[in-house]
1. Tell me, what is the FRET efficiency for residue 273 and residue 224 to the nearest 0.05, using R0 = 22 angstrom and their Cβ-Cβ distance as r?
2. Run the simple label-point estimate for residue 130 and residue 198 please: 7 Å along Cα→C-beta, distance reported in nm.
3. Measure off, as a whole percent, the carbon and sulfur share of the 1.4 Å-probe accessible area of the chain, all protein chains present.
4. So which of 83/175; 166/226; 175/201 end up more than 26 Å apart by C-alpha?
5. Which entry is the computed Cα Rg over 2.2 N^0.38 Å for this structure: (i) 1.44; (ii) 1.01; (iii) 0.94?
6. Tally Lys/Arg at +1 and Asp/Glu at -1 over every other residue whose Cβ is under 11 Å from the Cβ of residue 220; what's the total?
7. Would you please give the FRET efficiency between residue 71 and residue 259, computed as 1/(1 + (r/R0)^6) with r the Cβ-Cβ distance and R0 = 41 Å, to the nearest 0.05?
8. Could I have the simple spin-label model distance between residue 64 and residue 213, label points 7 Å from Cα toward Cβ, reported in nm to one decimal?
Amino acid sequence: MDNYQILRSTINYNRFPNFLIIGANKGGTTSIHNYCSQHPDIMVSKIKEPMFFTAPDRAKLKSNPSGKLGDPVFVSDIDNYQKMFIGGAKYKARGEASTAYLASPYRAISKIKAFKPNMKIIACLREPVDRSISAYNMYHGAGLENRTFTQCVEDELSHESQKTYKRRPYLRMSKYLNSIKMYIHNFGKRQVLVQDFEFLKSDPEKFMKNIFQFLQLDENVRISYKKLNTSDKWLKDSKKITKDSIPPETLARCEEFLNEDYRQVKLFLKELYPDQFKESV
């Protein structure tokens with residue numbers, strides 16, 4: 001019997017999450033986390049992104065992280081992870097939202113599955129070029145990215161063959177196919193719900209009803225669907241870029257790198273979620 005089997009035989013799972021919102025980054029997870037927190041049968045973690053299942057080894061953690069963008073707080077030990085769900089036993093569903101789980105499936109999935117094999121997984125996918133631009137706006141607006149978007153694209157694509165890229169991978173984090181396939185393969189389609197970011201924007205009530213149904217909760221609860229535009233605080237002192245403001249050749253390179261992956265994602269998800277994902281990009 002391995003350590004995880006021993007842990008699973010003794011742990012009280014009512015003190016831990018039974019669902020995870022895995023991303024995508026800049027794909028509405030803050031809104032989903034907020035809407036879930038309003039449901040009377042759901043408890044969400046006090047820290048939105050604890051990144052427990054992708055946290056570095058404790059010896060590699062900074063001693064005093066600020067919790068600000070670019071200097072995250074990782075919850076790396078099980079006792080502190082459990083503390084985020086104190087009082088959770090009275091809730092039918094307990095969850096947290098860490099976008100690193102979608103971005104780093106090889107690191108996250110093995111740990112999630114070993115910890116709780118029947119964990120429910122929720123993902124929201126955003127059109128990949130839009131996601132990349134939004135992520136750039138966030139880091140650039142916060143003063144953590146000094147390059148132009150074109151420079152970022154050229155730098156990343158010039159290092160495409162390298163397994164390790166030392167700068168922020170705006171484009172690579174917009175490729176979803178491998179991660180989604182891995183989650184569905186490891187947890188099964190009944191344990192994974194993937195929805196479209198555009199659906200969240202156009203019909204947040206129906207979007208969240210799908211989640212409540214997935215979690216086997218009452219879907220007819222009153223939720224305030226006030227829009228949360230979390231990028232604004234990063235953009236006060238910077239000029240927000242859009243697709244229209246990006247040089248056509250840069251935009252074309254982004255689409256060339258990302259569109260086929262997204263087309264394959266939609267084809268893969270079409271049978272599971274026929275009302276949301278279309279074949280064409």
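1. With a Förster radius of 22 Å, E is 0.30.
2. Calculated label separation equals 0.7 nm.
3. 47 percent
4. Table pairs above 26 Å Cα-Cα are 83/175; 166/226.
5. (ii)
6. Its environment carries a net charge of -1.
7. 0.80
8. In this crude label model, residue 64 to residue 213 measures out at 5.1 nm.
The values are calculated or read from the model by the stated rules, or taken from the named source; none is laboratory data. If you're wondering where the values come from, they're calculated on a predicted model, not measured in any experiment. Reconstructed Cβ throughout: ideal geometry from the backbone, glycine too, with neighbour counts over all protein chains shown. Side chains are part of the model used for accessible areas, which takes the heavy atoms of the whole protein and leaves out ligands, DNA and RNA. Shrake-Rupley method; radii C 1.70, N 1.55, O 1.52, S 1.80 Å.
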